[in-house]
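What follows is one structure encoded as structure tokens, with my remarks underneath.
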Amino acid sequence: MNIEEALKDVYERRAELTPSAERVRAAVAARTPVRARPSGRRIALLAAAAALLVAVPVVVAVSLSDSGRTSQVTPATTSAEPTKSAPVMRLQSTWLPDGFVETKRGFGPQDTGMHRSWTNKTDQGSVSVAFVPGGEFSAAVNVKPIQVNGTEGQMIEFGVTTHAAITWRVSPNEMARVDIQLVPDAMAVAQRVAASIKPVEFEASLPVQFGWLPAGVKFDGGQSESTNGKDVYTSMGLSATNAPALAALTIAPRRLDEPGMPSEPVTVLGKPGSYLTSPNRIVAQINETYWLSIFVRPYPEAALSKDDLVRIVDSLKLGDLNFGWVGQRGLPIK
């Protein structure tokens, strides 16, 4: 599996949603070798090692140097403030179509965007709800004005009866979006889901938080997702100035690195692991079920050394890896 190429695909999709799309896309493309694109929805999910939706209310997760090289990102003299636990959602749907269960939760850095998704096992239809501070209404021609519980909103049409979305402002500085895909009469479903939204807040942070990070490196958001109701993949991203897709940390129910790569032993979180130089990565099994992997892209202006990666992993705060919400309706939240 080519994780670098998969991540490139994810960040290209995210670049379409950000003000600096061309800069992000060009930077990622320039540092990723041209290889055959991976196929299959499963690989795309593994690529969610950085599918981070934090820029707008749209819902859809190495330096190649030797281990002795000095980091070009100046290490912080003290531990950085850990990524803050944040509610996955401040809005809750009180109605969902029959047969839909929750499969994805995620949020952006410092409470800058939250999303949840439910899927239908029979036909892969999806219902997604996003909440994002800020945001603006679309100026596209495929939108129509709509009222959601007496609030100004937009109905977004995609030219098919199985895909629709509704975006509305829930406060002067906050927007929400319901996105329905591969569901019959999607617009009617979107309207009913949107009308059922109620204000709620609950703590359900990602199962891992960063502690120490080198100066200039910041948490870029993350998510946990399952496609089969059993295996859950958690992905979190790191970025730096001039390095928008610097690194990705993944917790997965299997080892993700390619076999046979040159490596050396390391100890992280009290567990035996491996450090690989091509690409710059640390891999370790953290319990009987899950493997942790962190790897960095070859940004010369933002390189991370082996010691940086070891310190980042050792300062991680691991939480609940049971994911009891996967496969549940989630109505109401407990």
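The values are calculated or read from the model by the stated rules, or taken from the named source; none is laboratory data. All values derive from a computational prediction rather than experimental measurement. A quick note on method: Cβ atoms are made from the backbone with ideal geometry, for glycine too, and the neighbour counts reach across all protein chains shown.
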message: Step by step: first the residues of region 294-327, then only those that are at pLDDT below 90 and surrounded by fewer than 14 Cβ atoms within 10 Å (Cβ to Cβ), then the one that is nearest to Pro97 (Cα to Cα). Which residue is that?
response: Gly324
query: So which strands (runs of 3 or more DSSP E) stay within region 185-300 end to end and still have 3 or more residues that are more than 30 Å from Asn149 (Cα to Cα)?
result: 217-226, 232-240, 243-252, 263-268, 271-277, 280-285, 291-296
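Please work out if Ala139 is at negative phi and touching a strand residue (DSSP E or B) at 6+ places or on another chain (Cβ under 9 Å).
Values: at negative phi: yes; touching a strand residue (DSSP E or B) at 6+ places or on another chain (Cβ under 9 Å): no.
In short, no.
Is it true that Gly221 is modelled with pLDDT under 90, within 17 Å of the chain's Cα centre (by Cα) and outside the structural domain of Met114 (by TED's automatic domain parsing)?
Values: modelled with pLDDT under 90: yes; within 17 Å of the chain's Cα centre (by Cα): yes; outside the structural domain of Met114 (by TED's automatic domain parsing): yes.
Yes: the conditions hold for Gly221.
Here are Pro279, Pro265: which of them is modelled with pLDDT under 95, farther than 30 Å from Thr119 by Cβ and surrounded by 13 or more Cβ atoms within 10 Å (Cβ to Cβ)? Don't jump to the end; show me each part of the working.
On the way: Pro265 fails: surrounded by 13 or more Cβ atoms within 10 Å (Cβ to Cβ).
On inspection, the qualifying residue turns out to be Pro279.
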